[in-house]
Each structure stands twice: as structure tokens, then as C-alpha cells.
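Here the structure is laid out as C-alpha cells; the discussion comes afterwards.
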Amino acid sequence: MYQNFEEIKRDCLNCQMCRLYEGRHNVVFGVGNPQAQVMFIGEGPGEQEDLKGEPFVGKAGQLLDKMLYAVDLDRHKNIYITNIVKCRPPHNRDPLEDEQDACIRYLRAQTKMIRPKIIIALGRIAGMKLIKPDLRITREHGVWIYTKGIWMMPMFHPAAILRNPNQMEEAFQDFQSLRNKIKEVCPQVYVNEE
Ligand code: URA
């Protein structure tokens, strides 16, 4: 249906399909390289993201950038980052089922256009929506599944790691696992690495 990324973005920026549009300052469409082979998907914008119009720019985002850097990934170069819902839920509550369902069309269109080889679900909400509804993040983070030509893995949400720093080591192991998977299925991601 969509011919290019800009068309998806235009529809998304004008969206009023659920109640979340009422309180937004900005629609947070996504950031990164639309030709990326690796996508990161979080749950929804927080306060900073709503104000800036970019995903993961608050404290959790800074931690995410550090972990990405540790495995030679960069939000402006070789990945694409977005969320299940593109508008901030009030007081950072979890996005409701009907809000997720109203918004998922944009994520589907983005994914169809990007055609990633790997998708990382950041946190429980994204993991439940993208991988399986009864996902237990503490038990199943770091576990790869292969579906419809895409490798998917749930990871701890960086905000959860900030609340629970004892998860940091396992989170870094998941990033190493991601690095290995990239080298296995889409090594071009790293071709510009010296
Ligand atoms: N948490 C998310 O899930 N997404 C963001 O963009 C920011 C915080």
C-alpha cells in the first residue's frame, strides 16, 4: 500500500486512530537507517521522546546507546529504532491493547519497507506483542526465534536495567549474542568497521 517511508511517516504524523494523539507533543515515528538490517522496537515514547520526537532519548536511551556502541551499532548508521506505539501514553503507563492494535499498522508498514533480518524487542511489552503474548522476559530474554525469515530476540528494556542494575551483565551478554547473530546472518552491517 505504501510506496515509500515518507508516506508512512506522513500518515503516522497525522494519526488520530487512538486516544493517545490527544496528549502528544510529537509523534515519535522512529530514528535510524531505513535500509538497516537490524531493528530495535520498544514499547512507546516517554516524556523526553514526546518532547523531542525521537525514540529513546531519555536516560534509558542513553544506556541503550552505550550498549549499542559496545557492539559497534549506532542509531544513526546501521540500525533502525522505533516503538510499538508512536505517541506517549499518559504518565508513561503501559500502552493499552487497543492503542497497540491501532498503532501496529505503522510498525508493520515500517517493517515491510525496511525488511530487517533481525528484530530486537526491547522489554516485556514489545516482546509480548511481537514474539508471544505470554512472554516472561526474565526467563526468555536472549532467546532467539526465527519466524517468517526474521530472527527475533527479546531483551531487557534499558529502563528496567536502570531500575535493576544486576541485570546489566546478562543484558550485555544478549548484546554479544546479537553481535554474533549479525555476523552470521547479515555481516554487511559491520563492513564499514575498521
Ligand atoms: N521507552 C520505550 O520503550 N521507548 C522509548 O522510545 C523510550 C522509552
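The numbers here are math on the coordinates, done by the rules we state, and not lab data. Quick caveat: nothing in here was measured; it's all calculated off a predicted structure. Note that each Cβ is placed from the backbone with ideal geometry, even for glycine, and that neighbours are counted across all protein chains shown.
I'd like the per residue volume of the convex hull spanned by the Cα atoms of the chain, given in cubic angstrom.
Details: hull volume 22.3 nm³, N = 194.
Given the Cα convex hull of the chain, per-residue volume reads 115 Å³.
Within region 5-182, how many lysine pairs that are 8 or more places apart, or on different chains, have C-alpha atoms less than 20 Å apart?
25
Enumerate the amide H contacts of Gly42 below 5 Å, restricted to partners 5 or more residues apart or on another chain; note that Pro and chain-start residues carry no placed amide H.
Placed amide hydrogens put Thr82, Asn83, Ile84, Leu122 under 5 Å from Gly42.
Could you calculate the FRET efficiency of Gln3 with Arg139 from 1/(1 + (r/R0)^6), where r is the beta carbon distance between them and R0 is 41 Å, rounded to 0.05?
On the way: r = 42 Å, r/R0 = 1.01.
That pair, Gln3 with Arg139, gives E of 0.50.
For region 20-66, take N as its residue count and report Rg(C-alpha) divided by 2.2 N^0.38 Å. Kindly include the intermediate steps, with their values, before the conclusion.
Working: Rg = 11.2 Å, N = 47, 2.2 N^0.38 = 9.5 Å.
Against the compact-globule rule of thumb, the ratio is 1.18.
Grab the beta carbon distance between Tyr146 and Glu22, set R0 = 35 Å, and tell me the FRET efficiency rounded to 0.05. Working shown, then result.
Working: r = 39 Å, r/R0 = 1.12.
FRET efficiency, Tyr146 to Glu22: 0.35.
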